[in-house]
Amino acid sequence: MLRFPLVSGALFALLAVMAGAFGAHGLRAQVSVRALEVFQTAVTYQVYHALALVLVALLAAFGIHRRLLSLAAGFFLAGIILFSGSLYLLVLTELSWPGPITPVGGVCFMVGWALVVAAGLRRPRAG
(Lines give C-alpha, C1' and ligand atoms only; values in the text may rest on other atoms or scores of the structure.)
Protein backbone atom coordinates (compact mmCIF):
# COMPACT_ATOMS: atom_id res chain seq x y z
CA MET A 1 0.00 0.00 0.00
CA LEU A 2 1.15 3.54 -0.66
CA ARG A 3 1.15 5.11 2.79
CA PHE A 4 1.53 8.77 1.72
CA PRO A 5 -1.61 8.88 -0.48
CA LEU A 6 -3.59 7.14 2.26
CA VAL A 7 -2.53 9.57 4.98
CA SER A 8 -2.74 12.68 2.80
CA GLY A 9 -6.13 11.59 1.44
CA ALA A 10 -7.52 11.09 4.92
CA LEU A 11 -6.05 14.41 6.06
CA PHE A 12 -7.49 16.32 3.10
CA ALA A 13 -10.88 14.65 3.64
CA LEU A 14 -10.81 15.78 7.28
CA LEU A 15 -9.87 19.31 6.21
CA ALA A 16 -12.66 19.32 3.61
CA VAL A 17 -15.24 18.44 6.26
CA MET A 18 -13.90 21.24 8.44
CA ALA A 19 -13.94 23.67 5.51
CA GLY A 20 -17.49 22.64 4.63
CA ALA A 21 -18.66 23.30 8.17
CA PHE A 22 -16.87 26.64 8.18
CA GLY A 23 -18.50 27.57 4.88
CA ALA A 24 -21.96 26.53 6.03
CA HIS A 25 -21.80 28.19 9.42
CA GLY A 26 -19.04 30.78 9.48
CA LEU A 27 -19.17 32.30 6.00
CA ARG A 28 -22.91 32.47 5.35
CA ALA A 29 -23.28 35.99 6.77
CA GLN A 30 -19.87 37.15 5.55
CA VAL A 31 -19.86 36.53 1.79
CA SER A 32 -22.26 36.55 -1.14
CA VAL A 33 -24.33 33.57 -2.24
CA ARG A 34 -22.07 33.24 -5.31
CA ALA A 35 -18.96 33.19 -3.09
CA LEU A 36 -20.54 30.45 -0.98
CA GLU A 37 -21.15 28.43 -4.16
CA VAL A 38 -17.50 28.85 -5.16
CA PHE A 39 -16.39 27.81 -1.68
CA GLN A 40 -18.66 24.74 -1.83
CA THR A 41 -17.17 23.81 -5.22
CA ALA A 42 -13.71 23.89 -3.63
CA VAL A 43 -14.89 21.67 -0.77
CA THR A 44 -16.62 19.23 -3.12
CA TYR A 45 -13.59 18.75 -5.37
CA GLN A 46 -11.34 18.45 -2.34
CA VAL A 47 -13.50 15.65 -0.90
CA TYR A 48 -13.65 13.75 -4.21
CA HIS A 49 -9.93 13.91 -4.72
CA ALA A 50 -9.08 13.19 -1.09
CA LEU A 51 -11.04 9.98 -1.60
CA ALA A 52 -9.18 9.45 -4.88
CA LEU A 53 -5.92 9.55 -2.90
CA VAL A 54 -7.24 6.85 -0.57
CA LEU A 55 -8.37 4.83 -3.62
CA VAL A 56 -4.87 5.05 -5.10
CA ALA A 57 -3.42 3.65 -1.88
CA LEU A 58 -5.89 0.77 -1.91
CA LEU A 59 -5.31 -0.02 -5.59
CA ALA A 60 -1.58 -0.21 -4.93
CA ALA A 61 -2.29 -2.77 -2.21
CA PHE A 62 -4.02 -4.91 -4.86
CA GLY A 63 -0.89 -4.91 -7.01
CA ILE A 64 -1.96 -2.31 -9.55
CA HIS A 65 0.99 -0.47 -11.15
CA ARG A 66 2.53 1.42 -8.22
CA ARG A 67 4.60 3.90 -10.24
CA LEU A 68 1.59 5.17 -12.20
CA LEU A 69 -0.51 5.27 -9.05
CA SER A 70 2.19 7.27 -7.26
CA LEU A 71 2.20 9.77 -10.12
CA ALA A 72 -1.61 9.92 -10.02
CA ALA A 73 -1.46 10.65 -6.30
CA GLY A 74 0.94 13.52 -6.93
CA PHE A 75 -1.39 15.01 -9.51
CA PHE A 76 -4.40 14.62 -7.22
CA LEU A 77 -2.51 16.33 -4.42
CA ALA A 78 -1.41 19.16 -6.73
CA GLY A 79 -4.97 19.47 -7.99
CA ILE A 80 -6.38 19.82 -4.48
CA ILE A 81 -3.85 22.50 -3.62
CA LEU A 82 -4.15 24.42 -6.90
CA PHE A 83 -7.88 24.01 -7.64
CA SER A 84 -9.47 24.04 -4.20
CA GLY A 85 -6.75 26.22 -2.70
CA SER A 86 -7.15 28.92 -5.33
CA LEU A 87 -10.93 28.94 -4.88
CA TYR A 88 -10.56 29.21 -1.10
CA LEU A 89 -8.20 32.16 -1.61
CA LEU A 90 -10.61 33.85 -4.01
CA VAL A 91 -13.47 33.62 -1.52
CA LEU A 92 -11.55 34.39 1.67
CA THR A 93 -9.37 37.25 0.41
CA GLU A 94 -9.65 40.25 -1.85
CA LEU A 95 -7.02 38.74 -4.15
CA SER A 96 -7.87 38.15 -7.80
CA TRP A 97 -4.62 36.55 -8.98
CA PRO A 98 -5.52 33.02 -7.81
CA GLY A 99 -8.29 32.82 -10.44
CA PRO A 100 -6.05 31.68 -13.32
CA ILE A 101 -4.54 28.96 -11.11
CA THR A 102 -7.86 27.13 -10.74
CA PRO A 103 -7.87 25.57 -14.25
CA VAL A 104 -4.30 24.30 -13.73
CA GLY A 105 -5.60 22.38 -10.72
CA GLY A 106 -8.43 21.01 -12.84
CA VAL A 107 -5.92 19.76 -15.40
CA CYS A 108 -3.99 18.09 -12.56
CA PHE A 109 -7.18 16.25 -11.58
CA MET A 110 -7.69 15.06 -15.16
CA VAL A 111 -4.07 13.89 -15.49
CA GLY A 112 -4.40 12.04 -12.19
CA TRP A 113 -7.48 10.18 -13.39
CA ALA A 114 -5.83 9.40 -16.75
CA LEU A 115 -2.91 7.88 -14.82
CA VAL A 116 -5.32 5.73 -12.79
CA VAL A 117 -6.83 4.52 -16.08
CA ALA A 118 -3.34 3.76 -17.42
CA ALA A 119 -2.44 1.92 -14.21
CA GLY A 120 -5.58 -0.19 -14.51
CA LEU A 121 -4.79 -1.08 -18.12
CA ARG A 122 -1.19 -2.11 -17.43
CA ARG A 123 -0.62 -5.82 -17.25
CA PRO A 124 0.76 -7.02 -13.97
CA ARG A 125 4.32 -8.29 -14.09
CA ALA A 126 4.69 -12.03 -14.16
CA GLY A 127 6.25 -13.10 -10.95
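The values are calculated or read from the model by the stated rules, or taken from the named source; none is laboratory data. Just so we're clear, the structure is a prediction, and the values are computed from it rather than from any experiment. Because the Cβ atoms are built from the backbone with ideal geometry, glycine has one as well, and the counts that use them run over all protein chains shown. Calculation scope for accessible area: heavy atoms of the full protein, side chains included, ligands and nucleic acids excluded. Shrake-Rupley method; radii C 1.70, N 1.55, O 1.52, S 1.80 Å.
Any residue at all in region 33-40 that's among the aromatic types (Phe, Trp, Tyr) and open to solvent by 20 Å² or more (accessible area, probe 1.4 Å)? There is no residue in region 33-40 that is among the aromatic types (Phe, Trp, Tyr) and open to solvent by 20 Å² or more (accessible area, probe 1.4 Å).
Within region 112-121, how many residues turn out to be surrounded by 13 or more Cβ atoms within 10 Å (Cβ to Cβ) and more than 15 Å from Tyr48 (Cβ to Cβ)? Qualifying residue count, region 112-121: 4. Can you pull out every residue in region 11-29 that is open to solvent by less than 40 Å² (accessible area, probe 1.4 Å) and among the basic types (Lys, Arg)? Those that are open to solvent by less than 40 Å² (accessible area, probe 1.4 Å) and among the basic types (Lys, Arg): none in region 11-29. A residue that is open to solvent by less than 30 Å² (accessible area, probe 1.4 Å) and farther than 28 Å from Glu37 by Cβ can be found somewhere in region 71-82.
Selection within region 45-70: residues that are aromatic (Phe, Trp, Tyr) and modelled with pLDDT of 95 or more. The member of this set that is surrounded by the fewest Cβ atoms within 10 Å (Cβ to Cβ) is Tyr48. You will find that of Phe22, Phe83, Phe39, the residue that is aromatic (Phe, Trp, Tyr), more than 18 Å from the chain's Cα centre (by Cα) and either modelled with pLDDT under 95 or over 18 Å from Arg3 (Cα atoms) (or both) is Phe22 and no other. Of the residues making up region 83-108, those that are of a type outside the set (Val, Ile, Thr) and open to solvent by less than 50 Å² (accessible area, probe 1.4 Å) are Phe83, Ser84, Gly85, Ser86, Leu87, Tyr88, Pro98, Gly99, Gly105, Gly106, Cys108.
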